[in-house]
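These notes are about the structure you will find just below.
The values are calculated or read from the model by the stated rules, or taken from the named source; none is laboratory data. All of these numbers come straight from a predicted model, not from anything done at the bench. Glycine gets a Cβ as well: all are built from the backbone with ideal geometry, and neighbour counts include every protein chain shown. Side chains are part of the model used for accessible areas, which takes the heavy atoms of the whole protein and leaves out ligands, DNA and RNA. Shrake-Rupley method; radii C 1.70, N 1.55, O 1.52, S 1.80 Å.
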Amino acid sequence: MNMKTINIRGKEYVEVAERIKAFRQLHPIWSIESTILSNTDGIVLMQAIVKDETGRVLATGHAFEKQDSTFINQTSYIENCETSAVGRALGMLGIGIDSAIASAEEVATAQANQT
């Protein structure tokens, strides 16, 4: 399946939205579930789980975000964390990983946190 990519420092990454669209096309009756594992002192840890129609777990992904790490995270760190966890779970399922498991959003966030 052909997915749009973003070039970050010479490497192509697939956005999570592209991975989700591909997932829904390939597996319309499977599910993605996300859970907050912890949310303490402005640091959230999430897990996303991909399940087939029988409820069997096929892939998981985890992510954490700090509320004060970026401008966007000041108001949306939980949402960003969920997006990252879902992107990683879909990557572990094999969707959008031609060049990397990490999503474009994950790499961009990591680079923003380095500066």
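For segment 56-94, the set of chymotrypsin sites (Phe, Trp or Tyr not before Pro) satisfying both a DSSP loop assignment and a count of at most 14 other C-beta atoms within 10 Å is given as Phe71.
For segment 1-95, with all protein chains in place and a probe radius of 1.4 Å, 51% of the accessible heavy-atom surface sits on carbon or sulfur. Sequence-ordered 3J(HN,Hα) estimates for segment 50-67 from the Karplus curve with 6.51, -1.76 and 1.60 and θ = phi - 60° stand at 9, 10, 7, 5, 8, x, 6, 6, 10, 6, 10, x, 10, 7, 9, 9, 9, 4 Hz, glycine and proline given as x. Distance between the modelled labels on Val57 and Ile97, one decimal in nanometres: 1.6 nm (7 Å Cα→Cβ projection). Accessible area per residue for segment 1-93, computed on protein heavy atoms with a 1.4 Å probe, is 60 Å².
Model label sites at Ile8 and Trp30, defined 7 Å from Cα along the beta-carbon direction, differ in position by 2.3 nm.
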